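The structure appears right after this line, and notes come after that.
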Amino acid sequence: MNKTDLINAISEDAEITKVQSKVVLESLISNLTNTLAEGEKVTLVGFGTFSVAQREARKGRNPQTGAEIDIPAKKVVKFKTGSALKDEVN
């Protein structure tokens, strides 16, 4: 499923126009992004929790040459599934 498919599904489920569905989805994505950028967690009960973690700098290897390289520290987004989502998928 891609973004367009999701907009169509929201439109059908909520009985709203595709334009309204797109606004809702883009607002959700924007709010998730902004909250995570501030370093806060987003918890959707039953679905899961989005959070930001700091990944430390480390050494790695270039797979083509085998040369050792430095991989800088960075922030990464993590997602932990909620129990309802886990149960539905399994």
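Values for this structure:
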{"read-out": "Scope segment 13-46; condition surrounded by 11 or more Cβ atoms within 10 Å (Cβ to Cβ) and modelled with pLDDT under 95; matching residues", "value": "GLY46"}
{"read-out": "Cross-chain or 6+ apart pairs with Cβ under 9 Å, segment 1-12 first and among the hydroxyl-bearing types (Ser, Thr, Tyr) and surrounded by 13 or more Cβ atoms within 10 Å (Cβ to Cβ), then modelled with pLDDT of 95 or more and part of a helix (DSSP H, G or I)", "value": "SER11/LYS18; SER11/VAL19; SER11/GLN20; SER11/SER21; SER11/LYS22"}
{"read-out": "Cross-chain or 6+ apart pairs with Cβ under 6 Å, segment 70-81 first and in a strand (DSSP E or B), then of a type in the set (Gly, Ala, Ser)", "value": "ILE71/GLY60; VAL76/ALA53; LYS78/SER51; LYS78/ALA53; PHE79/GLY48; LYS80/GLY48; THR81/GLY48"}
{"read-out": "Filtered residues of segment 44-64 (kept if part of a strand (DSSP E or B) and either hydrophobic (A, V, I, L, M, F, W, C) or touching a residue at least 24 places away in the same chain (Cβ under 8 Å) (or both))", "value": "LEU44, GLY48, THR49, PHE50, SER51, VAL52, ALA53"}
{"read-out": "Scan of segment 39-52 for residues that are more than 12 Å from the chain's Cα centre (by Cα) and closer than 17 Å to LYS74 by Cβ, ordered by number", "value": "GLY39"}
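The values are calculated or read from the model by the stated rules, or taken from the named source; none is laboratory data. Keep in mind it's a predicted model, so treat the numbers as computed, not measured. Glycine gets a Cβ as well: all are built from the backbone with ideal geometry, and neighbour counts include every protein chain shown.
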